[in-house]
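> Here it is, the structure in full.
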Amino acid sequence: MKLYFMIGLPEETDEDIEAIALLAVRCKDIFDKHQSWSRITLTIAPFVPKAGTPFQREGMAQLDTLKKRLSLLKSKLPERESA
């Protein structure tokens, strides 16, 4: 299963980032109950405001903020299992 998320959205909180990790872990738990193997792939991209959208005038998050959010997300995920 592939899950795609954006980080650095306006008004994003640490709790939002923790919820991404929680969702991924819950998906993996459900898969593990129903089959002997499963793989969850998370794709994380920074929010980039686009013209013609409600967020067109929002600024992009600072690089240090994006790095902090990504680090928080990684810390909330279990260690990767080797295949």
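The values are calculated or read from the model by the stated rules, or taken from the named source; none is laboratory data. None of these values were measured; they are calculated from a predicted model. Counting neighbours? That spans all protein chains shown, and the Cβs are built from the backbone with ideal geometry, glycine included. What goes into the accessible areas is simple: the full protein's heavy atoms, side chains included, and nothing from ligands, DNA or RNA. Shrake-Rupley method; radii C 1.70, N 1.55, O 1.52, S 1.80 Å.
> Restricting to region 58-83, count the residues that are open to solvent by 60 Å² or more (accessible area, probe 1.4 Å) and at pLDDT 90 or above.
Initially, region 58-83 is screened for residues open to solvent by 60 Å² or more (accessible area, probe 1.4 Å), giving 58, 60, 62-64, 67-68, 70-71, 74-76, 78-83.
Right, trim to at pLDDT 90 or above and you get 58, 60, 62-64, 67-68, 70-71, 74-76.
Residues in region 58-83 being open to solvent by 60 Å² or more (accessible area, probe 1.4 Å) and at pLDDT 90 or above: 12 in total.
> Among the residues of region 33-47, is any of a type in the set (Lys, Arg), under 19 Å from residue 3 (Cβ atoms) and out of contact with any strand residue (DSSP E or B) (no Cβ under 7 Å at 6 or more places or on another chain)?
Looking for residues that are of a type in the set (Lys, Arg), under 19 Å from residue 3 (Cβ atoms) and out of contact with any strand residue (DSSP E or B) (no Cβ under 7 Å at 6 or more places or on another chain), one finds at least one in region 33-47, hence yes.
> Would you please name the residue that is surrounded by the fewest Cβ atoms within 10 Å (Cβ to Cβ), looking only at residues in region 1-57 that are part of a helix (DSSP H, G or I) and β-branched (Val, Ile, Thr)?
Per the criteria, the residue is 30.
This table checks each residue for (1) touching a residue at least 40 places away in the same chain (Cβ under 8 Å); (2) more than 25 Å from residue 79 (Cβ to Cβ).
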| residue | (1), (2) |
| --- | --- |
| 4 | yes, no |
| 11 | no, yes |
| 16 | no, no |
| 27 | no, no |
| 31 | no, no |
| 39 | no, no |
| 63 | no, yes |
